[in-house]
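Contents: one structure, followed by commentary.
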Amino acid sequence: MQRWRNDDPQGERGTMASARPFITHIIALVNIKGGVGKSVSALFVAWGLAILGFRVLLVDMDPQSNTTYSLTGELYEEPEGTLYEVLREQEPKALRAIIRPTKNPNLFLAPGSLWLSSTEADLVSAMAREWKLKTALDEVLPYFHYIILDTPPNVGLLTINALVAATDLIIPVYLKLWGLVGVRILNRTLATLRVKFARFGLTFPVLGVLVTQVRRPMTKNAADRLEQLRSLYGDKLFAAVIPLNEKVEESTDQDVSGYDYAPRSPGVVAYSAVVKEILERVNRQPKESTDPTLQSPGG
Ligand SMILES: Nc1ncnc2c1ncn2[C@@H]1O[C@H](COP(=O)(O)OP(=O)(O)OP(=O)(O)O)[C@@H](O)[C@H]1O
Ligand SMILES: [Mg+2]
């Protein structure tokens, strides 16, 4: 267990094959629609779990690299040190070679870069093209309790790699017209993938549908769409709904997490509730301690 005290997963070489006392949950935030809150939710979920003491890796699969920018303040215009180097066909790098620490000792980042947009095209002719991310993640599973995947707003090969690698999916959605259309198309895609990947035992389970950016008071249209989502997803809908809240948006530009930046603002409080629901749903209790060596999650 000593390895969890080490803040540098790259320093762990050679110890990773030892028996694992937990299962790593790999949660992908997906929706083919842009702007529904995938990146913001990925950040809040990752930070929230890290603050509770879990060891978390955030993987930025989106060429726009919004989460990478939020966590590092840097835009990676070059491929070096980014996921591009891991997913490329020629001389791919190991994932641990690009993983970077963040300000929170429990939170690590696999940075995205604009170069990932060319990965999408490269993957088309690659061998085992849907499995690249899963294979890359396999070797770092012993380091992390949770791996959070932020994805681009489409179901191209980057997103399919995230879906194949994920153990659980969270679908962020907003209550505007196109938000629901996005969910319908995503559902159809998941149904197709379930058939295609059934022989590999992949079921693409939805952990929850997360409603974001809700205006208060809700318009009649928004309330109707929430009802539609409820009839479609039932208790898959997270009980916590994220309000439209400028503190949430502002927090993505800060040096500190949203939980530190505006702990009492309604959006941040709602994200805390979502993190608790996620933990309940994956059968884990929130940890009091910030030291995962003291309370190793079962699983
Ligand atoms: N609860 C919220 N309150 C206010 N602004 C929000 C909230 N959630 C997200 N936003 C803002 O809305 C915009 C879209 O959010 P985000 O980038 O998370 O969506 P996305 O689904 O990742 O989009 P894309 O598909 O383009 O990557 C961002 O500017 C973000 O800061
Ligand atoms: Mg995004």
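The values are calculated or read from the model by the stated rules, or taken from the named source; none is laboratory data. Worth saying up front: this structure is predicted, and the values here are computed from it rather than measured. Methodologically, a virtual Cβ is constructed for each residue, glycine included, from the backbone with ideal geometry; neighbour enumeration extends over all protein chains shown.
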Worksheet item: Are any of the residues in region 197-204 on the phi < 0 side of the Ramachandran plot, within 16 Å of ligand 2 (Cβ to nearest atom) and more than 21 Å from the chain's Cα centre (by Cα)?
Response: no
Item to complete: Need at least 2 residues that are free of Cβ contacts under 8 Å to residues at least 24 places away in the same chain and farther than 27 Å from V256 by Cβ per element, so show me which helices (runs of 4 or more DSSP H) inside region 69-188 make the cut, counting only ones lying wholly within it.
Response: 132-138
Worksheet item: When both residues are 6+ apart or on different chains and their Cβ atoms are under 7 Å apart, which pairs have a first residue that lies in region 220-243 and is in a helix (DSSP H, G or I), and a second that is loosely packed, with under 14 Cβ neighbours inside 10 Å?
Response: A222/R215
Practice prompt. Report the residue count in region 70-116 for those that are of a type in the set (A, V, I, L, M, F, W, C) and within 19 Å of E130 (Cα to Cα).
Written response: 8
Item to complete: Give the residues of region 244-274 that are away from ligand 2 (no atom under 16 Å from the Cβ), outside any helix (DSSP H, G or I) and crowded, with 17+ Cβ neighbours inside 10 Å, sorted by residue number.
Response: N245, S257, A262, S265
Fill in: Residue selected from region 153-171 under the condition within 16 Å of ligand 2 (Cβ to nearest atom) and surrounded by fewer than 23 Cβ atoms within 10 Å (Cβ to Cβ), by the criterion nearest to S118 (Cα to Cα)
G156
Discussion item. Is it the case, given these coordinates, that V155 is of a type in the set (A, V, I, L, M, F, W, C), at pLDDT below 95 and touching a helix residue (DSSP H, G or I) at 6+ places or on another chain (Cβ under 6 Å)?
Written reply: yes
Practice prompt. Go over the candidates L83, L49, L71 one by one and state the one that is modelled with pLDDT of 95 or more, more than 16 Å from ligand 1 (Cβ to nearest atom) and more than 11 Å from the chain's Cα centre (by Cα).
Written response: L49
Worksheet item: Restricting region 226-275 to residues that are over 19 Å from L52 (Cα atoms) and of a type in the set (K, R), which is nearest to ligand 1 (Cβ to nearest atom)?
Response: K247
Fill in: Matching residues, region 204-219, being closer than 24 Å to R281 by Cα and either among the basic types (K, R) or without any contact (Cβ under 8 Å) to a residue 40 or more places away in the chain (or both)
P205, V206, V209, V211
Worksheet entry | Yes/no for L57 being aliphatic (A, V, I, L, M), in a strand (DSSP E or B) and free of Cβ contacts under 8 Å to residues at least 60 places away in the same chain | no
Worksheet, complete the sentence: Taking region 31-46 and keeping residues part of a helix (DSSP H, G or I) and more than 6 Å from ligand 1 (Cβ to nearest atom) leaves S41, A42, L43, F44, V45, A46
Practice prompt. Name every residue in region 52-68 that is within 13 Å of the chain's Cα centre (by Cα) and aliphatic (A, V, I, L, M), in order of residue number.
Written response: V56, L57, L58, V59, M61
Item to complete: Among what's in region 172-192 and is among the charged types (D, E, K, R) and farther than 13 Å from A222 by Cβ, pick the residue that is farthest from ligand 2 (Cβ to nearest atom).
Response: R188
Practice prompt. Could you please give the count of residues in region 233-250 that are in contact with a strand residue (DSSP E or B) (Cβ under 8 Å, 6 or more places away or on another chain) and farther than 25 Å from S70 by Cβ?
Written response: 3
Worksheet, complete the sentence: The lone condition G201 fails out of (1) of a type in the set (G, A, S); (2) closer than 19 Å to I26 by Cα; (3) in contact (Cβ under 8 Å) with a residue 40 or more places away in the chain is (3)
